[in-house]
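Bear in mind that the values in this text are calculations on the coordinates, not laboratory data. Because the structure is predicted, anything quoted here is derived from the model rather than measured. Glycine gets a Cβ as well: all are built from the backbone with ideal geometry, and neighbour counts include every protein chain shown.
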Amino acid sequence: MSRHTVVKGHSMSRIRSRAKAFAAVALAAALAVGCSSGSSSGPAAATGTQDSVDAALKAGGTITYWSWTPSAKDQVAAFEKEYPNVKVNYVNAGTNKDEYTKLQNAIKAGNGAPDVAQIEYYALPQFALTDSLANLDQYGFGSFEKDYSASTWAQVKNNNGLYGLPQDSGPMALFYNKEVFDKNAIAVPKTWEEYVAAAKKLHAADPAKYITSDTGDPGAVLSMIWQAGGRPFTVDGRNVKIDFGDAGTKKWTAMWDQLIQGKQFAPIKEWSDDWFRALGDGTIATLVTGAWMPGNFMSSVTGGSGKWAVAPMPTYDGQPVTAENGGSAQSVVKQSANPALAAAFVRWLNHGNGVQPFIKSGGFPSTTADLTSPAFVDEAVPYFGGQKINQVLTQASKDVAKGWTYLPYQTYANSVFSDTAGKAYLNGTPLDAGLAAWQQALVDYGNQQGFTVSAG
Amino acid sequence: MTSTAAPPVPVPARPTPTARRPRRKWRGWLFVAPFMLVFALTFIAPVVYAFVLSLYRDQAFFGGTVFVGADNYVQVLGDPKFWESFQRVLVFLAVQVPIMLLLALVAALAIDSARLHAAGFFRIVIFLPYAVPAVVATLMWGFIYGDHFGLAADLNHLLGTDAVKPLSQNWLLTSIGNVVTWEFVGYNMLIFYSALKVIPTELFEAAAIDGAGTFRVIRSVKLPAIRGAIVIATIFSIIGSFQLFNEPNIMRNLVPNIIGTFYTPNMYAYNLSFAGQQYNYSATVAIVMGVITAVIAYVVQLRGSRKGM
Amino acid sequence: MATLSVTRPRKSRTLTAVMALYLVYTLVPLVWLVINASKTQSALFSTSGLSFGGPFALFDNIGRTFTYNNGIFFRWLGNTLLYVVVGAGGATLLATAAGYGLAKYRFPGRRAVFAIVLGAVAVPTTALAVPTFLMFSKLGLTNTPLAVIIPSLISPFGLYLIWVYAADAIPDELMEAARIDGAGELRIFLTVTLRQLVPGIVTVALFTMVQTWNNYFLPLIMLSEPKWYPLTVGLNQWSAQANGAGAQPIFNLVLTGSLLTIIPLVIAFLLMQRFWQSGLSAGSVKQ
């Protein structure tokens, strides 16, 4: 407060009254903020019907929609064509965490949030818990459960209510560069043991090539733990338990440590220009990631066309099991002045005519009708050498392990991953130690923010 | 480095001795008031607000706002993350600022020496990077630093090594320093050069009579004459270093494991607010940093002017 | 040049060569940018950084930069111009008036003004962002151009520069003479003294222009809709959209956009070189 003290030393009566006025404004603002934050979610709204949604759609109006998905613009155009009396103001407010920051700010400020927002599954509990999203049960959307894959529905629904409808999903699979595998006479690994062996064999045969790149992404790490059977987060209202020491987690760290400490990862940051290049020229031979990846391959890794193929995600015992990686839902923000109309748009997007434009843009759906339609499942994809990749990917969506929960402050958790667990990737130190540091940071933060967090 | 320009130099001397009559006493405010009005809204009010915030503690999820007095300040002063980030900018400041200012000074003296071919061309080209937004400069250097496909890779290829790794842990602070140096040498050069240009000719004539050589003239005429400019540039740079944000924050996308959430104090304050919703604590960090910066800038200014001619 | 009146030193090749080295350092990144802005995305991914490679796509890239996403880049350019004209223009006006007032009038609170403005500069602006954001959102200013323009109206450096310049460039006698003629203070400022300040004003205008043009952090948090973004925030969003599911990397457009962002400022500096250099020189007299 340098200025403050400096001011006091001098006679400033002229502008003092003005300064006082501003201080008063600031104080009032501070108090208002204090009041508006921190209300916890109330009891679940009674299950309603879709009547109010239909009525709102008939009445028309204007809503704002935040999304970064490539198909959003086409979807909005198609929706407006179908419902000319509804105007959707589409805004790309930033990609994932950038959008959440803005959404969080708008919620904190009490205005400026959109009516409908795209939110990834991992961030959903945070916004739901702070009572920032409308419970879609009040519009009778709970009856859509049977229309979505079990793993995605579990992400949008919790004990208190339904906080969005799933759009895309990311059951994990193994994407591999067949050309590189064949050239080095490496078989497609079915187990993680084989995967580790393949990594060593490949890098030994050709030091310029790596099995994959991993600089430590919290989303990917949690998905890997999920697949290995780890369930580090237990959430019951305000009571949270965090345990990165369970058997599943240890199974994964033991396996992944071999790759990190054996320097088997290409030191290339995911999503950088280097990375896209490396996917195209064979430097990176596999990716273990969500089913949304083919769209990225086709649009951004043109050099890899005809070389890549898809196989089921390796497992620990050879039995098929997988996890979700990424994927997002559309939710109605509570600030919305016209929540019923917003809900109508969400319904159209993810439970209506909006699904097809999404699939056409390369998205991987959550709707069972599409996940089982022959046109989708049996499509031969030229980029992947004509392989019917969706057979592998839709099977993966059925094999997702059950019972996963994210933290109610997962976006914060992900932001501090690099401070703690990220160091394991950087220095080649054991992952368990890194995860323990992450756990400690998350326990501390949760307790500061009013949760009761215990470490496992 | 935020480019907020600071004028922390002594109040210019010689206030005009006009208008002693009382009714005229206030007329200067006619000109100053509009500035101060906007200043109050954009600087003073947020500072007051930040100060108010710093006295409370707010839980992002449950519970309300509690008055905690100086608790947040006590916490900041004992926060290892804060001190780690502070120490980092201190190291940055101690190394980068002298290098940058020295380069700028040498460039300014060279351009002013009249011994340089095409001096005007040098002047404008060296100044050019200042016109490049920090965002663009960092994106650009980020591409160049890539040790697989960037210019760093080409350099390694050329030298037949793999020693050049600008984005590795040991190099990174240096790499950021390089971006900042690249951006701001020209700006500082211009401040020095402008000061050099207006040194009174009599000083040189006296030196010429004494038979002083080029370096003697630089040491005993030019450098003392532009001491004020050097002090200003130093203070600017100190403030800029303490506020280091844009470059590491954008580069974080490339190396998140090295540039964590508390790489610099400013990044720490930013992430506390925007990732952790710890607005009160963040405001406290900001205020503590502001006080430290102001004190150091003040000390430098005092020392700078005391040793003056 | 001051030294010329003493001796006329010979030009030195050694000195020029040494300085040329520094020039290379300054120019390499810019040359790199020009070269790579002329590559297609796939050539960008497959050719060396300091050589042209693949088809020469600069004009194609420029075209695509301006047309991508319904010409949003053009909109960002327009926004940036708006923020520069109103923000930097207003900052120059306010700084000029205030600097002049501080230099030529003695009034109660004068020293306090100086102390306050000085102290303000030391507080990290990045960290004041949150209080400013919360205040502005109470006032309904967030996500409007005003949220960017109002804070950029203040240039402490500009204030200081004009202050020093005016103290030096405007003789008191000039103002006294005008007063004897019966002119009011505002009229003296507008008709008599303002023109004396022109080099200082141009300098301040250029520096505030650079600051507004390069402003990144403030618009980033204040604005949520791309339709209000300035170029810097827009470019960073383009860069960030290479991430995650549905990634749409457009590195070539990021580079071309960066190049296009720099060019107007470079031109402005070249054109107005004469003015700002004399303004700065005057500013440093009093140091």
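In the range A:269-302, whose amide N lies under 12 Å from the spot 7 Å out along Cα-to-Cβ of A:Ala208? List them in ranges.
Label zone hits: A:281-284.
Report for the protein assembly as shown the percent antiparallel among DSSP-assigned beta bridges with both residues inside it, nearest 5.
Bridges in the protein assembly as shown that DSSP calls antiparallel: roughly 65 percent.
Could you tally the net charge around C:Thr65, taking each other residue with its Cβ under 15 Å from the Cβ of C:Thr65, Lys/Arg +1 and Asp/Glu -1?
Details: positive: C:Lys39, C:Arg64, C:Arg75; negative: C:Asp60.
Surrounding charge for C:Thr65 is +2.
Give me, ordered by chain and number, the residues 5 or more places off A:Leu133 or on other chains with an amide H under 5 Å from its own placed amide H.
Residues meeting the criterion, in which the H sits 1.01 Å from N, are A:Lys334.
What percentages, rounded to whole numbers, describe P(r) for the range A:334-420 computed over all alpha carbon pairs with 10 Å bin width beginning at zero?
13, 28, 31, 24, 5
What is chain C's relative contact order, in percent, from Cα pairs under 8 angstrom and six or more apart in sequence?
Working: 293 pairs, mean separation 76.1, N = 287.
Averaging sequence separation for qualifying contacts and normalising by length gives 27 percent for chain C.
Taking the C-alpha atoms of the range B:127-272, how large are the radius of gyration and the largest Cα-Cα span, Dmax, in Å?
When restricted to Cα atoms, the range B:127-272 yields Rg and Dmax of 20.4, 62 Å.
Enumerate the lysines that A:Lys251 could reach by cross-link, defined here as Cα to Cα under 18 Å, with residues fewer than 8 away along the same chain left out.
Qualifying lysines at Cα under 18 Å: A:Lys190, A:Lys402.
What fraction, in whole percent, of alpha-carbon pairs in chain A exceed 38 Å separation?
Tail of the P(r) past 38 Å holds 29 percent of the pairs.
Connecting C-alpha atoms closer than 10 Å in a GNM of chain C, tell me which of C:Leu102, C:Leu44, C:Leu128 has the biggest fluctuation.
C:Leu128
Which value, in Å to one decimal place, does the Kirkwood hydrodynamic radius take for the range A:183-271 when every pair of different Cα atoms is included? Each step should come with its number before you reach the end.
Details: mean 1/r = 0.0687 Å⁻¹.
Roughly 14.6 Å, rounded to one decimal.
Can you work out D for the range C:78-208 in µm² s⁻¹ from Stokes-Einstein, where Rh is the Kirkwood radius over C-alpha pairs, the temperature is 37 °C and the viscosity is 0.692 mPa s? List each step's numbers first, then the result.
Details: Rh = 16.3 Å.
Here the translational diffusion coefficient equals 202 µm²/s.
Sort out the exposed loop trypsin sites (Lys or Arg not before Pro) in chain B (DSSP loop, at most 14 other Cβ within 10 Å) and tell me the longest stretch that has none.
Answer from the scan: B:26-306.
Around C:Leu134, under 15 Å between beta carbons, what's the net of Lys plus Arg minus Asp minus Glu among the other residues?
+2
Return one quarter of the surface area of the convex hull spanned by the alpha-carbon atoms of chain C, equal to its mean projected area, in nm².
Result: 21.7 nm².
May I ask you to list the aspartates and glutamates whose Cα is less than 16 Å away from that of A:Lys108, ignoring any residue fewer than eight positions away on the same chain?
Those aspartates and glutamates meeting the cut-off are A:Asp98, A:Glu99, A:Asp131, B:Asp58.
Per DSSP H run of n ≥ 4, the term is -39500 (n - 2.57); total these for chain A, divide by its residue number, and report the mean residue ellipticity at 222 nm rounded to 500 deg cm²/dmol. Please list the in-between numbers first.
On the way: 21 runs with 207 residues, N = 456.
The helix-only estimate for chain A comes to -13500 deg cm²/dmol at 222 nm.
Please name whichever of A:Thr302, B:Gln75, B:Met289 sits farthest to the positive end of the charge dipole of the protein assembly as shown, dipole taken about the Cα centre and charges placed at Cβ: Lys and Arg +1, Asp and Glu -1.
Of A:Thr302, B:Gln75, B:Met289, it is B:Met289.
In µm²/s, what is D for the protein assembly as shown at 25 °C and 0.890 mPa s, where D = kT/(6 pi eta Rh) by Stokes-Einstein and Rh is the Kirkwood radius from Cα pairs? Show your work: numbers first, answer last.
On the way: Rh = 30.9 Å.
Translational D for this selection: 80 µm²/s.
At a Förster distance of 56 Å, what's the computed FRET efficiency of C:Leu15 paired with A:Asn89, Cβ-Cβ distance as r, to 0.05?
The computed FRET efficiency comes out at 0.40.
Would you kindly work out the equivalent ellipsoid of the range C:136-287 from its C-alpha gyration tensor and give its semi-axes, the square roots of five times the eigenvalues, largest first in whole Å?
After diagonalising the Cα gyration tensor, the semi-axes are 41, 20, 11 Å.
If we count every other residue with Cβ under 11 angstrom of A:Ala187's Cβ, Lys/Arg +1 and Asp/Glu -1, where does the sum land? Write out the running numbers ahead of the final one.
Details: positive: A:Lys190, A:Lys201; negative: A:Asp182, A:Glu194.
Net charge in that neighbourhood comes out at 0.
Mind scanning A:Lys334/C:Lys138; A:Lys102/A:Lys263; A:Lys241/A:Lys269; A:Lys97/A:Lys388; A:Lys423/C:Lys227 and naming the pairs with a C-alpha gap bigger than 28 Å? Don't skip to the end; give the middle numbers.
Numbers: A:Lys334/C:Lys138 18 Å; A:Lys102/A:Lys263 38 Å; A:Lys241/A:Lys269 31 Å; A:Lys97/A:Lys388 33 Å; A:Lys423/C:Lys227 39 Å.
Pairs exceeding 28 Å: A:Lys102/A:Lys263; A:Lys241/A:Lys269; A:Lys97/A:Lys388; A:Lys423/C:Lys227.
In nm, to one decimal, how far is the modelled label at A:Asn111 from the one at A:Thr49, with both set 7 Å along Cα→Cβ?
Result: 3.7 nm between the two label points.
Relative contact order of chain B, please, whole-number percent, based on alpha carbon pairs below 8 angstrom and at least 6 residues apart.
Computed value for chain B: 30 percent relative contact order.
Under a point spin-label approximation (7 Å from Cα along Cα-to-Cβ), what is the C:Asp60-C:Leu146 distance to one decimal in nm?
Distance between label points: 4.6 nm.
To the nearest 0.05, what FRET efficiency results for A:Gln319 and A:Asn159 with a Förster distance of 45 Å applied to their C-beta separation? Display every interim value, and only then the final one.
Numbers: r = 30 Å, r/R0 = 0.68.
According to the calculation, E is roughly 0.90.
Highest mean first, how do B:158-165, B:258-265 rank when packing is the count of other Cβ atoms within 10 Å averaged over residues?
By packing density, highest mean first, the sequence is B:258-265, B:158-165.
Counting pairs of Cα atoms in the range A:280-374, how many percent are more than 15 Å apart?
Pairs farther apart than 15 Å: 72 percent.
Could you work out the relative contact order of chain A, using alpha carbon pairs under 8 angstrom and six or more residues apart, expressed as a whole percent? Before the final figure, lay out each step's value.
Values: 790 pairs, mean separation 107.5, N = 456.
After rounding, I find 24 percent.
Taking 7 Å along the Cα-to-C-beta vector as the label spot, tell me the C:Leu50-B:Phe121 distance in nanometres, rounded to one decimal.
About 2.0 nm, to one decimal.
Through the Karplus equation 6.51 cos²θ - 1.76 cosθ + 1.60, θ set to phi - 60°, convert the phi angles of the range A:59-68 into ³J(HN,Hα) values in whole Hz; use x for Gly and Pro.
In residue order, the calculated couplings are 5, x, x, 10, 9, 10, 10, 9, 6, 10 Hz.
How high is the FRET efficiency from C:Val198 to B:Leu302, r the C-beta distance, R0 35 Å, rounded to 0.05?
Given R0 = 35 Å and the Cβ-Cβ separation, E is 0.50.
For a paramagnetic label modelled at 7 Å from the Cα of B:Arg27 toward its Cβ, which residues of the range C:147-190 fall within the zone defined by backbone nitrogen distances under 15 Å?
The answer is C:172-190.
Using amide H atoms built 1.01 Å from N in the peptide plane, name the residues 5+ places from A:Val86, or on other chains, whose amide H lies under 5 Å from its own.
Placed amide hydrogens put A:Gly61 under 5 Å from A:Val86.
Full-extension gain between A:Thr429 and A:Thr372, please, as 0.36 nm times their residue separation minus the C-alpha to C-alpha distance.
Fully extending the segment from A:Thr429 to A:Thr372 adds 16.1 nm.
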